[in-house]
1. Compute the long axis of helix 78-94 from its Cα atoms, compare it with the longest principal axis of the Cα atoms of the chain, and write down the angle in degrees, 0 to 90, nearest 10.
2. Going by C-beta contacts inside 10 Å, put L216, L82 in order with the fewest on the left.
3. Which lysines have a Cα lying under 18 Å from the Cα of K196, excluding residues fewer than 8 positions away in the same chain?
4. For K433, K346, what ranking results if the residue with the fewest other Cβ atoms within 10 Å of its Cβ goes first?
5. Show me, for the stretch 275-288, the HN-Hα J-couplings you get by feeding each phi into the Karplus relation (A = 6.51, B = -1.76, C = 1.60, θ = phi - 60°), rounded to Hz, glycine and proline as x.
6. Give me, ordered by chain and number, the residues 5 or more places off A543 or on other chains with an amide H under 5 Å from its own placed amide H.
7. Fewest first, what order do D560, D77 take by the number of other Cβ atoms within 10 Å?
8. Could you tell me how many degrees, from 0 to 90 and to the nearest 10, lie between the Cα long axis of helix 476-486 and the main elongation axis, the longest principal axis, of the Cα atoms of the chain?
Amino acid sequence: MTTMKKTILLFYTVISILIALFMQNKVYADNEKSILFISSYTPSFISFNDQLKGLNYCLNNNYHIQVEYMNSEKFTDEKHELHFYNLLKLKLENYKNFDAVVLADDAALNFGIKYKNSLFKDIPIVFLGVSEEKNIVKAKNENMSGVVEYSSISETLNLIHNIYNNNKNLVLIAGNHIKYKHEINDFFKLQSKLSKFNFKYIEIPPKADDEFLNKLRNLNSKDDVVLFVYPYRDGIGRSISILESNDIISKNVSAPVYTTLSYNLENSMIGGKVICHFEQGKKAGKLILDILENGYTNQRIITYENTNTWMFNYYNLKSNVIHTDLIPKDSIIINKPIPFFVTYKKLIIPTLITFIGFISIILALIMYSVKKRKSEEVLYKAKLLAEDANNAKNNFISNISHELRTPVAIIYSSTQLLRKLISKYDQQNEKVKIINNNLNIITQNSNRLLRLINNIIDVAKIDSDFTNLNLTNENVVSLIEDTVLSVLPYAEEKNLEVIFDTNVEELIMAVDKEKLERVILNLLSNAIKFSYSKGKIFANLIATDDKLKFIISDNGIGIDEKNLSKIFDKFMQVDNLLTRRNEGSGIGLSIVKSFVELHNGNVYLTSKLGEGSTFTIELPIKIIDDDLNNANEINAHDVNVNIELSDIYVKRDSD
Ligand code: ADP
């Protein structure tokens, strides 16, 4: 498929999806469920919004609610009603059918009943907020379901009765309208039951005149407790509004005021069992859903007991010293200060978690460092103990070695004395030959013992950092050459050829003569020990401007690659005791390395198993100012050779 075709296909797919989505929306719009809500009043009427909110809440906002306002507060005449009827009829003819009709308040109910057949035929009707007795009867006769609005006078009065013990005037402030006649009746009906109160009634006039205001001002908290019932408004200027009356009461009445309307709570009124229009809307919504889902089965009237709610103002309770224990448990308390924790919950919890997290991390770090310090202390103590033990061991070894050296030296000098004595006799005599032979064996083994003792003492000294260099300016060419020459008898004994070569005739540099000699003897001794008969040993001296290189290579048994890195370790021997073909203690090379490093030099090894080994010593060339040359000369060269090469048996003339 070409790219062009692919693009066109993609374009059509996207367009199809968009059309499908658009169609889906349209289908949804056509299927939208709707309810006609006829309010007796206007949007500004205080109860309207709460009724609508309650309804929407219950219907989960799934219904479109078309609201029509009768405005019957202001327009009560038939002409206006007819206009409203015609307008509604026109709208209904041009609008699709409603799923249900809600008639909110008395005027709407009367209108709905009157025009039920011509406007709402076969549409379920539910009323709400209807409070006039005669209208409730009418609705019942029409077999309509709905929610009744009624003030909870008796419940609120019973509460007042429980709160106040002493005799008081119980004053009802209410409008004297026909609609509220039953509330005034309800009030006075309780007079005999609540006999500790002196029942009084102050009628709310259409306008708040001085006489009315004076009556209010005469009320006081010591003698009076008030129940305020909102006056009904049935025409322009014929009564004061809820908010106005609220204002008047809070400004003029110093006695505690209870009420039957939630809207009165914001000012100075305490509360009571109040009419709840939100709850009315919810209950009406429930009735609608029930009818739409199950069909209209039987009439259901929701009474005010099921919608009115205990509600109080926190501050007014407090200012009137009424403890919350005195009011019903399920009461709603408005304006209750929200505890700090609740207000800042969203902020406090993450902050707390972060804080705890930080503290935990800090604690963990502290614990870790304390633990670390403790283990470091333990380690340090263990190190000190180990060092002490090691020093003690080194001292012991060093002492023992020194102690051993004396008897060995005595044995050695005794053999020398015996050798001198026997030299006077006929050397061809068989007995003399045997004595000489045994003297050689004693001398050789004394030397081996001495070498071992010397090495042990050196290792102990190196371990304890007691090894010092005794530097003198020496001609290292002759020193090294002499040393190489001195091992020739040992090499010849093993049928080996030693080839010495140098690129300089003379090279003066500062060395510890004795130590350098031992280093070279050790390497040569190893080369002889680990070479096959007829092998070759090369000893090359290469001097550069600043370095002396001495290379000893053999074509002997060589060293396995895996052992190369450990060969300079103390006590390291490649062969184990059972397979060893040569004598030795495994400390020679570690001493070589230490002595070379004391000279600030390096020692390297390259080797291949079966092919031979090459040891390279690299020493920096330097001269010391204080020429002590020959001052400490030790003329024990021959002795050293014999000792260092004591692992190799040499036949002497006398053997
Ligand atoms: P030792 O006293 O046993 O010779 P060294 O420290 O001098 O101790 O040598 C350690 C080991 O290194 C020897 O035992 C041997 O296995 C190996 N080695 C040293 N030099 C050579 C060499 N030239 N050829 C082969 N192996 C060697």
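1. In the chain, helix 78-94 runs at an angle near 50 degrees to the longest axis.
2. The order, fewest Cβ neighbours first, is L82, L216.
3. K168, K222
4. Working: K433 15, K346 9.
Going from least to most buried by this count: K346, K433.
5. Listing the rounded values in order: 5, 10, 5, 4, 5, 4, x, 4, 5, 5, x, 5, 4, 4 Hz.
6. For A543, whose amide H was placed from the backbone, the distant partners under 5 Å are N503, V504, K549.
7. On the way: D560 13, D77 9.
By the 10 Å Cβ count, ascending, the order reads D77, D560.
8. Helix 476-486 sits roughly 60 degrees off the main axis of the chain.
All of the numbers you see were taken from the coordinates with simple rules; none came from a lab. These numbers come from a predicted model, not from an experiment. We place every Cβ from the backbone using ideal geometry, glycine too, and count neighbours over all the protein chains shown.
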